[in-house]
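The values are calculated or read from the model by the stated rules, or taken from the named source; none is laboratory data. Computed from a predicted structure; not experimentally measured. So basically every Cβ, Gly included, is an ideal-geometry build from the backbone, and we count neighbours across all protein chains shown. The area values use the complete protein model at the heavy-atom level, side chains included, leaving out ligands, DNA and RNA. Shrake-Rupley method; radii C 1.70, N 1.55, O 1.52, S 1.80 Å.
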Amino acid sequence: MKRKILLAVSGLFFLLFLGMAWFGVNSVVRRLEMTHMESNFKAAEEAVRSGRKKIAVQAYRVATAFYQSGSLRRGYYPSRSGEYLTAGNCYWQLRQPRAALQCYEEGLRSEPCSIALLTSLGSCSFSLGEQQKALSALEKSQALYPLKKKVRPVLQKLRAGKVGANQ
């Protein structure tokens, strides 16, 4: 009887070990893929600054591939909003604003007061013609950080359009 209980308990601990190992490996692999995404994004930005647009486009594509692969993994992730911002910026540079918008919105689910994500979401929504979403995101961004001057011209256009539509 004692052997059966001992065998059952050891089997339970073995299954627990396997589950924790799977969880840990997926967490590390996801973080690795997001690190590759961030490094490819930085390389693409450097290529843009030096005028090598074809290399930049390729690096943005590789970065989004790492993002897509990493976003499918499950595990423990303490901070994810920066990853979504980087992925959204990659999609934005690849002229895929809907995918960028989706990344910014996903990032705001994990960090709703991120000024960078709110500003990016507002700018992306504005370019897609989603005026109300752009206005609410940029107003929240400005409420959190009123000194940010890049937001003011777009916000004034949106407010002027809202006033013109209300009259």
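Out of 64, 86, report the one residue that is part of a helix (DSSP H, G or I), in contact with a Cys (Cβ under 8 Å, 6 or more places away or on another chain) and among the β-branched types (Val, Ile, Thr). Write out each step before concluding.
Numbers: 86 fails: in contact with a Cys (Cβ under 8 Å, 6 or more places away or on another chain).
From the options 64, 86, the qualifying one is 64.
When you go through 96, 167, 156, 131 one by one, which is the residue that is open to solvent by 20 Å² or more (accessible area, probe 1.4 Å) and either at pLDDT 90 or above or on the phi > 0 side of the Ramachandran plot (or both)? Can you show your working first?
Details: 167 fails: either at pLDDT 90 or above or on the phi > 0 side of the Ramachandran plot (or both); 156 fails: either at pLDDT 90 or above or on the phi > 0 side of the Ramachandran plot (or both); 131 fails: either at pLDDT 90 or above or on the phi > 0 side of the Ramachandran plot (or both).
Of the residues listed, the single one that is open to solvent by 20 Å² or more (accessible area, probe 1.4 Å) and either at pLDDT 90 or above or on the phi > 0 side of the Ramachandran plot (or both) is 96.
Residues checked against (1) in a helix (DSSP H, G or I); (2) closer than 15 Å to residue 94 by Cα; (3) open to solvent by 40 Å² or more (accessible area, probe 1.4 Å); (4) among the hydroxyl-bearing types (Ser, Thr, Tyr):
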{"position": "19", "(1), (2), (3), (4)": "yes, no, no, no"}
{"position": "28", "(1), (2), (3), (4)": "yes, no, yes, no"}
{"position": "54", "(1), (2), (3), (4)": "yes, yes, yes, no"}
{"position": "58", "(1), (2), (3), (4)": "yes, yes, yes, no"}
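Of (1) at pLDDT below 95; (2) more than 28 Å from residue 142 (Cβ to Cβ); (3) of a type in the set (Asp, Glu), residue 105 satisfies all except one. Which?
Checking residue 105 against (1) at pLDDT below 95; (2) more than 28 Å from residue 142 (Cβ to Cβ); (3) of a type in the set (Asp, Glu), the one that fails is (2).
Please go through region 101-127 and give me each residue that is in a helix (DSSP H, G or I) and more than 19 Å from residue 71 (Cα to Cα), ordered by number.
Start the filter on region 101-127 by keeping residues that are in a helix (DSSP H, G or I), which leaves 101-110, 115-127.
Across region 101-127, the qualifying residues are 115, 116, 118, 119, 120, 121, 122, 123, 124, 125, 126, 127.
Per-residue answers, yes or no, for (1) open to solvent by less than 100 Å² (accessible area, probe 1.4 Å); (2) modelled with pLDDT under 90; (3) acidic (Asp, Glu); (4) more than 25 Å from residue 113 (Cβ to Cβ):
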residue	(1), (2), (3), (4)
1	no, yes, no, yes
10	yes, no, no, yes
14	no, no, no, yes
34	yes, no, no, no
49	no, no, no, yes
73	yes, yes, no, yes
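Can you pull out every residue in region 36-47 that is of a type in the set (Gly, Ala, Ser) and either open to solvent by less than 40 Å² (accessible area, probe 1.4 Å) or in contact (Cβ under 8 Å) with a residue 60 or more places away in the chain (or both)?
Of all residues in region 36-47, those of a type in the set (Gly, Ala, Ser) come to 39, 43-44, 47.
44, 47 - these are the residues of region 36-47 that are of a type in the set (Gly, Ala, Ser) and either open to solvent by less than 40 Å² (accessible area, probe 1.4 Å) or in contact (Cβ under 8 Å) with a residue 60 or more places away in the chain (or both).
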